[in-house]
1. Taking Cα pairs under 8 Å and at least six residues apart, what relative contact order does segment 91-187 come out at, in percent?
2. Given a cut-off of 29 Å, name the pairs among 41/112; 120/169; 141/169; 58/141; 41/82; 58/120 whose C-alpha atoms lie farther apart than that in the structure shown.
3. Report the gain in length on full extension from residue 131 to residue 88: 0.36 nm times residue separation, minus Cα-Cα distance, nm rounded to one decimal.
4. Starting from 0.36 nm per residue, how many nanometres of slack lie between residue 138 and residue 31 once their C-alpha separation is accounted for?
5. Scan [x] 1.02; [y] 1.18; [z] 0.95 for the value of Rg/Rh (Cα atoms, Kirkwood Rh) calculated from this model and give just the label.
6. Need the full-extension length gain, residue 167 to residue 199, defined as separation in residues times 0.36 nm minus the C-alpha distance. One decimal, nm.
7. Extending each Cα 7 Å along its Cβ direction at residue 81 and residue 69, get the distance between those two points in nm, one decimal.
8. Let me check I've understood the local charge: for residue 64, count other residues with C-beta under 12 angstrom from its C-beta, Lys and Arg +1, Asp and Glu -1. What total comes out?
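Readers should treat all values here as calculations from the given coordinates under stated rules, not as data from a laboratory. Please read these numbers as outputs of a predicted model, since none were measured by experiment. Glycine gets a Cβ as well: all are built from the backbone with ideal geometry, and neighbour counts include every protein chain shown.
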Amino acid sequence: MSAQLTFYTHPMSRGRIVRWMLEETGLPYDTVQLEYGATMKAPEYRAINPMGKVPALKHGDTVITEVAAICLYLADLVPEKKLAPPPDSPERGSYYRWISFMAPLEQLMMAKANGSNLPKPESAGFGTEQDLLDTLEAALKNRTHLAGDSFTAADLMVSAFVGWYLQFKLLEPRPAFVAFAQAHSQRPARLRADEIDNALLPEQHSSTEV
């Protein structure tokens, strides 16, 4: 890979998930740390991501935003790492499914975090809370991997988001959720990523994790 990877992030953001993914790839990358309300909203960064949000990844002239998109993109850069099932494998569907499932999970969790009344199931992207959590539990119960028999970006994404929402007590601590998050929490790449981001945190937030 000849083009340089540049990672735009803040250590108290969803960029921590992308950092973990970058460490799993083993690819060299540069980090640009942005500050909320300042450099993150500056014209220079909005030229990269008009939303003024992190994370973002620049690969040569290509810009990728959104955590799921970045993880999918990175997995495909290193096929030898097997962070994604082969495109023609039956596991590819599950891989896409569970990475994408984090979007309705996040919609639900953010609604709960903001104390909002949950929308009617017919208008909510996540349906009902019960159905969403039961579906996720059934997928994770007694399993370590979601797409095949080895670790992929789907396991990374789901364990990171589930662990984050368990930490902040937004997600019910069902045994399947706890076990799945813990199963991947000690991966060497995860520990390296946490060490890097924790070193960048303001002192009063040095214990923050995802």
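1. So the answer I get is 31 percent.
2. Cα-Cα > 29 Å for 58/141; 41/82; 58/120; rest within.
3. 12.5 nm
4. Value of the extension gain: 34.8 nm.
5. [z]
6. 9.5 nm
7. 2.0
8. -2
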